[in-house]
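So that we are looking at the same thing, I have put the structure below in C-alpha cells.
The values are calculated or read from the model by the stated rules, or taken from the named source; none is laboratory data. In this text the structure is predicted, and so the values were computed from the model without any measurement. We place every Cβ from the backbone using ideal geometry, glycine too, and count neighbours over all the protein chains shown. With ligands, DNA and RNA removed, areas are computed over all heavy atoms of the protein, side chains included. Shrake-Rupley method; radii C 1.70, N 1.55, O 1.52, S 1.80 Å.
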Amino acid sequence: YLEDVEIGDEVPAQVRCHTTEEVKSFLLVWKGPQGMEQPSRFHSAEYAKKEGLAGPIVPGTMCLALISQILTDWSPTAQIKMTDVIFRQVIPHNTDLRVYGVVTNVDAKEQQVEVDIYVEPLEGQPFTRGTAVVGLPPRGG
C-alpha cells in the first residue's frame, strides 16, 4: 500500500537466468511459429554472429516482462502505469541477472511511486536501466 512505501525503499532483488529454451518458448508465444522459422539474433548463434554478437541474445520484451514481474511481486496491489528503459548492453542467454528497483518518489496525491529499475549481471555494469511509475492504492481505499 502507498503508506508502506518511502523514498529509498528497495524493490527486492530477484536473480533470474533466461535459458536458451526459455527464450525459444517466449519467441513461440510472442511471434508464433514463424518466430522460430526465420533465423534471428534471439535464437540462432550463427545469425547472431553475423550481426557481430558473441551469441544469441534475450529479446528486450522478455527483459520488460521480467521488470514487470518484480514490480508486481513486490506489491500485489501494484498497477504498472509506465516503464521507460534504456537497453545499455545486450543480454546473452544463460546469464544470471540481478533485477531490482529503488523508490525515488512517492506521490500521495496521484497514489503512485516512481522506481528506478536495474537489470545487471551479478558482476559488472547494468544491461538495462530505467524508470517505472507504479500505482499503489492507499490502505483501506
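To the nearest 20 debye, what charge dipole does region 93-140 have about its Cα centre, counting +1 at the Cβ of each Lys and Arg and -1 at the Cβ of each Asp and Glu?
I would put it at about 180 debye.
Ignoring everything except DSSP H segments at least 4 long, calculate the 222 nm mean residue ellipticity for the chain; use -39,500 (n - 2.57) per segment, divide by total residues, nearest 500.
Per the formula, -7500 deg cm²/dmol.
Now a separate question. Treating the angle as unsigned and between 0 and 90°, give the value, to the nearest 10°, between the Cα long axis of helix 20-31 and the longest Cα principal axis of the chain.
That works out to roughly 80 degrees.
Students often check this: by mean Cβ neighbours within 10 Å, which of 126-135, 111-120, 49-58 ranks highest, and how do the rest follow?
Highest to lowest by the protection proxy: 111-120, 126-135, 49-58.
From the list (1) 16.6, 51; (2) 17.0, 56; (3) 15.0, 49, can you say which value of Rg and Dmax of the Cα atoms in Å was derived from the structure given?
Read-out from the structure maps to (2).
Can you give the relative contact order of the chain as a percent, counting alpha carbon pairs under 8 Å and 6+ residues apart?
31
At a 1.4 Å probe radius, which order do C63, C17 fall into by accessible area, largest first?
C17, C63
On the protein heavy atoms, probe 1.4 angstrom, tell me the percent of accessible surface of the chain carried by carbon and sulfur.
Ligands and nucleic acids excluded, carbon and sulfur give 48 percent.
Now a separate question. Per residue, how many Å² of accessible area does region 1-59 show with a 1.4 Å probe?
Dividing the accessible area of region 1-59 by its residue count gives 63 Å².
Taking the Cα centre of the chain as the origin, how large is its charge dipole in debye, to the nearest 20, when only Lys and Arg (+1) and Asp and Glu (-1) carry charge on their Cβ atoms?
580
If one computes the Cα centroid of region 31-62 and of region 1-24, what distance in Å separates the two points?
After rounding, the separation between the Cα centres reads 25 Å.
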